[in-house]
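Here's the structure, in structure tokens; my notes come after.
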Amino acid sequence: MKRPSSKIRDEIAKLQEQLKLAETREAERIGRIALKAGLGEIEIEEGELQAAFGDFANRFRAGKDATTGGKKGAGDSSGPASTAADTSGAAAGGTGEA
């Protein structure tokens, strides 16, 4: 029951396209949230911002059990305050991704 390499290549191409679409949706979602939080108005280098996002992601990965997992309402004031705290520690480390 071997499949020809051409079929495997076709499946890989389809999966790559699906991945590209999923990443675009995720990027647009995160971008909208970042703009709502005011990150578009902050002058910061991309590497420093990426490091801050890495710290932010690690905070939520580490505290996964402590969070409720629910969506936060529009009136939640923890977003901008958390962003400011995470940005201040941006030089401490990064994700190493390009």
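Per-residue 3J(HN,Hα) values for the stretch 42-59, derived from phi via the Karplus relation 6.51 cos²θ - 1.76 cosθ + 1.60 with θ = phi - 60°, read 8, 8, 8, 6, 4, x, 5, 5, 5, 5, 5, 5, x, 4, 4, 5, 5, 4 Hz in sequence order (x marks Gly and Pro). Here the 3J(HN,Hα) profile of the stretch 26-39, calculated from phi with Karplus coefficients 6.51, -1.76 and 1.60 at θ = phi - 60°, is 5, 5, 5, 5, 5, x, 4, 5, 4, 5, 4, 7, x, 5 Hz, Gly and Pro shown as x.
Computed from the coordinates by the stated procedures, all read-outs in this text should not be read as laboratory data. Just so it is clear, the model here is predicted, and its values are computed rather than measured.
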